[in-house]
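**Student:** Take a look at the following structure, please.
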Amino acid sequence: MARAGLTAAKLTEAAAELADEVGLDKVTVSALARRFGVKDASLYSHVKNLRDLRVRVALLASREMTDRIGAAVAGRAGKEALVAFADAYRGYALAHPGRYTATQMRFDPEEIADSEGLRRSVELTYGMLRGYGLTEPDLTDAGRLLRSTFHGYIHLELSGGFGHPRAVQESWSRALDALHVLLENWPSRHDGSTTR
């Protein structure tokens, strides 16, 4: 029988908070059950298993992060849009490290088929990149470049990997300057055609 007051949404929010506090890898059904003062079995009428719980956290985080990015880039184009997008992305990851980690999971297509957050994330990324005049397949290539650059930087920042005394924010700003220049001067394709 389901415990009164417990819902999948409440469990997902609590798991997301726990992930931010202790790391996604330490979010377990048992840890969450302890948080609510119930037995593990009480949670299984709301979530299928640990994987289901973590996917729910990832989908919650993707909606939150996409909402933040969408608000930041609204009405902006070019470098302003790139900086707003990147700062919102990084700001969310630094404020919610466990949730952010969940968004980097590999998903089965059926797990994310109805995810508005992930779909909107792609739309926002491509919309911002179209402002640089990019079309496919360059949109995908540039999107992958941005994601890997942002994720690599954030991962190093969260793990304390930047030991040099130069302010991390200054290096971030310069990296965005460099990405803007690159996007404005996106290289021609190897087949001889151009992107514009």
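The values are calculated or read from the model by the stated rules, or taken from the named source; none is laboratory data. Only a predicted model underlies this, so the values are computations on that prediction, with no experimental measurement involved. Cβ sites come from the backbone with ideal geometry, for glycine too, and all protein chains shown count toward neighbours. These accessible areas exclude ligands, DNA and RNA; they are computed on the full protein's heavy atoms, side chains included. Shrake-Rupley method; radii C 1.70, N 1.55, O 1.52, S 1.80 Å.
**Student:** Hey, how many Å between the Cα centroid of the stretch 76-95 and the Cα centroid of the stretch 128-171?
**Tutor:** Between the Cα centre of the stretch 76-95 and that of the stretch 128-171, the gap is 10 Å.
**Student:** A further question on this structure: Let a ≥ b ≥ c be the square roots of the eigenvalues of the Cα gyration tensor of the stretch 71-196; is it rounded (a/c under 1.5), or, if not, prolate (a/b larger than b/c) or oblate?
**Tutor:** The shape class here is oblate.
**Student:** Can you pull the percent of the chain's accessible area that's carbon plus sulfur, 1.4 Å probe, other chains left in place?
**Tutor:** Here carbon and sulfur together make up 54 percent of the probe-accessible area.
**Student:** Mind grabbing the accessible area of residue 17 for me, 1.4 Å probe, Å², rounded to tens?
**Tutor:** My reading of the accessible area for residue 17 is about 80 Å².
**Student:** Add +1 for every Lys or Arg and -1 for every Asp or Glu among the other residues with Cβ under 13 Å from the Cβ of residue 144, and state the total.
**Tutor:** Residues close to residue 144 contribute a combined charge of -2.
**Student:** Please give the solvent-accessible surface of residue 87 in Å², to the nearest 10, using a probe radius of 1.4 Å with every protein chain present.
**Tutor:** 70 Å²
**Student:** Shifting gears a bit: Please state the relative contact order of the chain as a whole percent: Cα pairs under 8 Å, 6+ residues apart?
**Tutor:** 21 percent
**Student:** At a probe size of 1.4 Å, how large is the accessible area of residue 46, to the nearest 10 Å²?
**Tutor:** 40 Å²
**Student:** As a test of reading the structure, rank 138, 114, 67 by solvent-accessible area (1.4 Å probe, protein chains only), most first.
**Tutor:** Result of the area sort, largest leading: 114, 67, 138.
**Student:** Something else about it: How much length would be gained if the chain were fully extended between residue 141 and residue 175, taking 0.36 nm per residue of separation minus their Cα-Cα distance, in nm to one decimal? Intermediate values should be presented prior to the final figure.
**Tutor:** On the way: separation 34, 0.36 × 34 = 12.24 nm, distance 1.78 nm.
Between residue 141 and residue 175, full extension yields 10.5 nm more.
**Student:** Then there's this: Please arrange 154, 112 by accessible surface area, largest first, computed with a 1.4 Å probe and ligands excluded.
**Tutor:** Highest to lowest solvent-accessible surface, that is 112, 154.
**Student:** Sticking with the crude label model, points 7 Å out along Cα→Cβ, report the distance from residue 159 to residue 108 in nm, one decimal please.
**Tutor:** The answer from the label model is 2.9 nm.
**Student:** I would also like to ask the following. What are the ³J(HN,Hα) values, in whole Hz, obtained from phi via the Karplus relation 6.51 cos²θ - 1.76 cosθ + 1.60 with θ = phi - 60°, for each residue of the stretch 152-158 in sequence order, with x given for Gly and Pro?
**Tutor:** Ordered by residue, 3J(HN,Hα) equals x, 5, 5, 4, 5, 5, 5 Hz.
**Student:** Averaged per residue, what accessible surface does the stretch 79-196 expose to a 1.4 Å probe, in Å²?
**Tutor:** 56 Å²
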